[in-house]
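Taking it in order: structure first as structure tokens, then the write-up.
The values are calculated or read from the model by the stated rules, or taken from the named source; none is laboratory data. This is a predicted model, so every value here is computed, not measured. Methodologically, a virtual Cβ is constructed for each residue, glycine included, from the backbone with ideal geometry; neighbour enumeration extends over all protein chains shown.
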Amino acid sequence: MRNRLYVLDLGRMQMARSSFFGDLAEDDPGKNDFVEFPISAYLIEGPDGRILYDAGCHPDAMKADGRWSESFQSQFPWSPGPDGEACHLPNRLEQMGLGPDDIKHVVLSHMHSDHAGCVEFFRKSEVIVHRQEYDAALESYKRRDIDCSYTWRDTEQWIKQDMNWRFVENHETELSLTEQVTLLNWGAGHAAGMLGLDLSLHETGHIILASDAIFTLERYDEALDCSHHAQQYPIPSIWAYMGEN
Ligand SMILES: [Fe+2]
């Protein structure tokens, strides 16, 4: 059995251009315009079991008194794609004849609200996350920061549950997950601890899943000054990592 990669459409999200492109000029006339971008998860089926990369938004994120605070909902509205609630991660898996228990590993690129929202459904999976990212989400929870990108109410659920966490430490730069799938530890940058995946597909070759570490093509082509992140998280960032290579 060869590795097969599925891209799961989990809806659309919007945010101000100034948040999306962090280096916009202060007087940029379009800085408050909303940019729409896709929310995705990735399922890898291979001989050593299924791996899910990212876990989207919680289905109750955008409801009245939902998982996301009112102000967060208005700043970062998430909406379903053309097929409505089918874009919720549990429904996407169901469409494929799968349930959460069929997933061996869940890798969280990071724990922002649009990437870790459904992780609580995966009680039997090994959930892999960067240690610093987990700590950052817990710190945000302790501060009761309800407008943070780490969703307070999501965090509360997975604290209460008996999740099977596996933490990636700073010194673990590359970890072999299966014969064809390698976990890439990019450290701090977009968030406190970013994880990517390098997978090898028979016909396509290597694919790197980077999540929010590379929002746009411009971010891939040009190194971004992330010194403000470096002050917050004093370890190398994804952009610095890419600049050196
Ligand atoms: Fe993010």
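List of remarks:
- Checked across segment 90-99, the condition of being within 16 Å of the ligand (Cβ to nearest atom) and modelled with pLDDT of 95 or more holds for no residue.
- Flag for A191 being within 14 Å of the ligand (Cβ to nearest atom), crowded, with 21+ Cβ neighbours inside 10 Å and over 24 Å from E94 (Cα atoms): yes
- Segment 105-132 residues that are within 21 Å of T182 (Cβ to Cβ) and without any contact (Cβ under 8 Å) to a residue 60 or more places away in the chain, paired with ones that are more than 11 Å from the ligand (Cβ to nearest atom) and part of a loop (DSSP other than H, G, I, E, B) (beta carbon under 6 Å, 6 or more apart): V106/F122; V106/S125; V127/M163
- Residue within segment 113-129 that is more than 14 Å from the ligand (Cβ to nearest atom), surrounded by fewer than 24 Cβ atoms within 10 Å (Cβ to Cβ), farther than 23 Å from D48 by Cβ and not polar (S, T, N, Q) present: yes
- Which numbered condition P59 fails, given (1) without any contact (Cβ under 8 Å) to a residue 60 or more places away in the chain; (2) more than 20 Å from the chain's Cα centre (by Cα): (2)
- Set side by side, the residues I208, I159 differ, and just one is touching a Leu at 6+ places or on another chain (Cβ under 9 Å) and either at pLDDT 95 or above or within 21 Å of P100 (Cβ to Cβ) (or both), which is I159.
- Of the residues making up segment 169-215, those that are small (G, A, S) and in a loop (DSSP other than H, G, I, E, B) are G189, A191, A192, G193, A210.
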